[in-house]
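Novice: I'd like to ask you about the structure that follows.
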Amino acid sequence: MRSNSPGKIIVIGGGIAGLSLAAEMADGAEVTVIEREPHLGYHASGRSAALFSETYGNRLVRALTLASRQAIADGGFAAHRRGALH
């Protein structure tokens, strides 16, 4: 039996990725964000949003970066085909 009440989701991490996920899910679920730092997005601009580099990080980070390239280009955030965006 399905309930008509919204689902409950816990997002661990209040950085750019966690807050983006929480915002995306908020229309269809009750979302709680858990963050260890004193402020949400504390490291977000300096670590995640300041640089797009296809060669930065370990294999998983590089794969996620490459997977996001098309969305970044389609969204108008990158109008070039270079390997890095500052």
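The values are calculated or read from the model by the stated rules, or taken from the named source; none is laboratory data. Nothing here was measured: the structure is a model prediction, and the numbers come from that model. Don't worry about glycine lacking a Cβ; one is built from the backbone with ideal geometry, like all the others, and counts go over all protein chains shown.
Novice: Out of all the residues in the stretch 6-19, which are among the small types (Gly, Ala, Ser), surrounded by 13 or more Cβ atoms within 10 Å (Cβ to Cβ) and not in a loop (DSSP other than H, G, I, E, B)?
Specialist: Result: ALA17, GLY18.
Novice: Taking ARG62, is it modelled with pLDDT of 85 or more, surrounded by 12 or more Cβ atoms within 10 Å (Cβ to Cβ), not acidic (Asp, Glu) and not assigned by TED's automatic domain parsing to the domain that holds ILE10?
Specialist: Answer is yes for this residue.
Novice: Tally time: how many residues in the stretch 30-59 are surrounded by 14 or more Cβ atoms within 10 Å (Cβ to Cβ), of a type in the set (A, V, I, L, M) and modelled with pLDDT of 90 or more?
Specialist: Qualifying residue count, the stretch 30-59: 2.
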